[in-house]
Structure formats: C-alpha cells, structure tokens
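To keep things clear, I will list the structure first and then write my remarks on it.
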Amino acid sequence: MKEMLGQILSSKSGPKDVIVEDVIQSPAKSEEELLEIIRQLESPEFKKKLINLLSTLGGSKVGDTIRKMLRVLGTNCLWSNYSLKGKKNKNFSELSLCRVVTKSCIKIHRCSVSEVEDCIAETLKHAPAQKDGPRYKKRPETNTNQPADQRAENNNLE
C-alpha cells in the first residue's frame, strides 16, 4: 500500500520546487517585456514550466490565485492597460498568456473557465488603483504609537 501511494504521489505532474526566477526573471513592466514572455510561450517546454510555476502559487480562492499569478507576470501599471475583453483598453483574452493563466488556475481549483475569467476581469479592472498603478493613492501614515484620541486630534489639526 505504501509503495502504491509513493508511486501515485511521485507521478503527479510538475516539480513543486520551481523557482520563479528560473522561469521569469521579474514581472513585466512594459509592453515589450510582456511580448517577450508571450514569444517564449511558443516553446512547449517554457509553456509547461510556466503553467507549473503558476499552479504552485496557489491561493485560498480563485481571485487570490489570479492576483498572485498576474503579480508574478506583470506590474499593476502594465495590467492597467488591459481589460479581459478589450472594451476600453487592450484585450487580455486574446493573449496566449490568458490561456496559460486560465489553465493554471483550473489545475489548482478545479473551477470553470467563466469563474476564472470573471476573476481576471475584476483583477484587471482594479489594477490602476493598486500599488504601482497610475491611479494608486498612497495612504497617509498613521503613528500607531500614539493613543487613538491623540491621533484623531492630530488629524483634525491637518
């Protein structure tokens, strides 16, 4: 029985110790860097490595997983130029990268394609307001060492 379990566990696809830097050096910051990743996807070996890498990122929910995947692949500044169907911006669903992200997410969560697409659309929609996005607003730092009424008093003075 132990041998059978060992064989089943060892036959699972893809190594679990894939390092991000082995596949992608850093998140794409520009269109050119994104196109380079897409060009590399033409290689079946790279595509398989990328799917395995993205599927190891995990997340408790589909939305968490999608956000992690897109954070590894590109910056919010880059993703702020995209929408899933390209109604206002560039069309993410036409990129081969969309199919890789979808396949990786389904591999983890066993969910439907439409659920993955909904989460991608939401993530792309909110990308401009996230860190590194063009509409990101840095929140003022609050001094947590001060008592709450003193912080409120300082805020009223400003």
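Points to keep in mind about this one:
- The set of residues from the range 78-101 being surrounded by fewer than 19 Cβ atoms within 10 Å (Cβ to Cβ) and part of a helix (DSSP H, G or I) comprises SER96, CYS98, ARG99.
- In the range 20-36, residue farthest from ARG71 (Cα to Cα) [restricted to those that are in contact with a helix residue (DSSP H, G or I) (Cβ under 7 Å, 6 or more places away or on another chain) and assigned to a helix (DSSP H, G or I)]: VAL23
- Test: residue in the range 43-53 that is surrounded by fewer than 17 Cβ atoms within 10 Å (Cβ to Cβ), at pLDDT below 95, in contact with a Lys or Arg (Cβ under 7 Å, 6 or more places away or on another chain) and closer than 25 Å to ARG110 by Cβ: no
- Scanning the range 121-143 for residues that are outside any helix (DSSP H, G or I) and hydroxyl-bearing (Ser, Thr, Tyr) yields TYR136, THR142.
The values are calculated or read from the model by the stated rules, or taken from the named source; none is laboratory data. Keep in mind that this is a model prediction, so the values were computed, not measured. Backbone-built Cβ (ideal geometry, glycine too); neighbour counts: all protein chains shown.
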